[in-house]
Amino acid sequence: MSISETRLAELNTFCRRLRSELIDTLHSVQTGHPGGSLSCCEILVTLYFHHLRVDPRNPQMEDRDRFVLSKGHAAPMLYLCLAHKGFFPLVDLKTLRQTGSHLQGHPCAHKTPGVELSTGPLGLGLSASVGMAESARLNRLDYQVYTLLGDGEIQEGIIWEAAMTAAKLKTPNLVAILDHNGVQLDGTNEEIMPMGDIGAKFASFGWHVLSADGHDIVSLSNALEQAKAYTEGPVVILAKTVKGKGVSFMEGKNTWHGRPISDTEYESIQKEWKGAGNHG
């Protein structure tokens, strides 16, 4: 599924728009997780606007592709993609994390159209995704299951239990994507819990390992195509990203995992983007 130069330019412009809307939203509601939401922007855009077979007019169609945001704190960026895809009005983002809103701090499958699984407890998403993928095989349905993981999340034991299970079953339609920004809530991965060669770990568990630039739509799209074409078992894509991508003072900083954006910080972001001439 190649991307024309025109379409690529549109998607890159769209990513800049989503980053701008994310900052506007999180500043407005004074809550949320900017760092991890910014780092997965291109990943979600490449999935929802170039690869996933989903239909907001028929959100429960049986053979739709499934996407699970296992790193559930990045929900604001997922909500923006779902809104632009047509699952609900964009204006609903103004109610993010408010009492009574269907857009809570972590995704809720019971409230939010387009959300496949309620997530929050880290590690949950991959295990559930194995089940979803195996369900497709048992019911002879043709769909892919994608799940987005975080760096801190893969320190959870349940991740590796799921990895063993998928490898044992040779689950062919399961793709895990690691938002590999190297930073978690309390610091860098190296400071908190060094994971060594993550690709080698997944490979030793029986997964097919691919790599991509997590901020390059062509690189991501190529990796997703390779993953879909691989039918011998589960695939993991190590997508190298930057936490807080697009905001200079947030990039690579664990302090921006989850905190409000002050008025002064918001004004600084607007000046930075205006000076760069790449945000509208």
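The values are calculated or read from the model by the stated rules, or taken from the named source; none is laboratory data. Predicted, not measured: the structure shown is a model, and the values here were computed from it. Please note: Cβ atoms are built from the backbone with ideal geometry, for glycine as well, and neighbour counts cover all protein chains shown.
Residues that are among the hydrophobic types (A, V, I, L, M, F, W, C) and part of a strand (DSSP E or B) were ranked within region 137-151; the one that is surrounded by the most Cβ atoms within 10 Å (Cβ to Cβ) is 148. Sub-6 Å Cβ pairs linking a first residue in region 5-20 that is among the hydroxyl-bearing types (Ser, Thr, Tyr) to a second residue that is at pLDDT below 95, at least 6 apart or interchain, are 20/279, ordered by first then second residue.
Take residue 133 and tell me if it is out of contact with any Asp or Glu (no Cβ under 8 Å at 6 or more places or on another chain), of a type outside the set (S, T, N, Q) and not in a loop (DSSP other than H, G, I, E, B). Spelling it out, residue 133 is indeed out of contact with any Asp or Glu (no Cβ under 8 Å at 6 or more places or on another chain), of a type outside the set (S, T, N, Q) and not in a loop (DSSP other than H, G, I, E, B). Figure legend. Inter-residue proximity from region 190-204: first residues closer than 19 Å to residue 253 by Cα, second residues exposed (fewer than 14 other Cβ atoms within 10 Å of the Cβ), beta-carbon distance below 8 Å, spacing 6+ or different chains. Indicated pairs: 192/186.
Table: residues versus (1) without any contact (Cβ under 8 Å) to a residue 12 or more places away in the chain; (2) buried (at least 19 other Cβ atoms within 10 Å of the Cβ); (3) of a type in the set (Gly, Ala, Ser).
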position	(1), (2), (3)
212	no, yes, yes
215	no, yes, no
231	no, no, no
264	yes, no, no
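Put simply, of 42, 62 the only residue that is in contact (Cβ under 8 Å) with a residue 40 or more places away in the chain and within 20 Å of residue 93 (Cα to Cα) is 42. Determine if region 184-195 includes at least one residue that is in contact with a Ser or Thr (Cβ under 8 Å, 6 or more places away or on another chain) and surrounded by fewer than 21 Cβ atoms within 10 Å (Cβ to Cβ). Taking every residue of region 184-195 in turn, none turns out to be in contact with a Ser or Thr (Cβ under 8 Å, 6 or more places away or on another chain) and surrounded by fewer than 21 Cβ atoms within 10 Å (Cβ to Cβ).
Selection within region 152-176: residues that are under 25 Å from residue 255 (Cβ atoms) and outside any helix (DSSP H, G or I). The member of this set that is farthest from the chain's Cα centre (by Cα) is 156.
Could you check, for region 252-259, whether at least one of its residues is of a type in the set (Phe, Trp, Tyr), surrounded by 16 or more Cβ atoms within 10 Å (Cβ to Cβ) and modelled with pLDDT of 95 or more? Scanning region 252-259, I find no residue that is of a type in the set (Phe, Trp, Tyr), surrounded by 16 or more Cβ atoms within 10 Å (Cβ to Cβ) and modelled with pLDDT of 95 or more, so the answer is no.
State all residues of region 29-60 that are of a type in the set (Ser, Thr, Tyr) and touching a strand residue (DSSP E or B) at 6+ places or on another chain (Cβ under 8 Å); if no residue qualifies, say none.
If the condition is that a residue be of a type in the set (Ser, Thr, Tyr) and touching a strand residue (DSSP E or B) at 6+ places or on another chain (Cβ under 8 Å), then 39, 48 are the ones that fit.
Scanning region 52-111 for residues that are among the charged types (D, E, K, R) and under 17 Å from the mean Cα position of the chain (by Cα), we see that the one that is nearest to residue 19 (Cα to Cα) is 85. All told, residue 161 falls short of being buried (at least 23 other Cβ atoms within 10 Å of the Cβ) and among the acidic types (Asp, Glu). Look at region 92-120: where a residue is free of Cβ contacts under 8 Å to residues at least 60 places away in the same chain and under 14 Å from residue 72 (Cβ atoms) and a partner is surrounded by fewer than 20 Cβ atoms within 10 Å (Cβ to Cβ) and of a type in the set (Asp, Glu), sitting 6+ places away or on another chain with Cβ atoms under 9 Å, you get 103/92.
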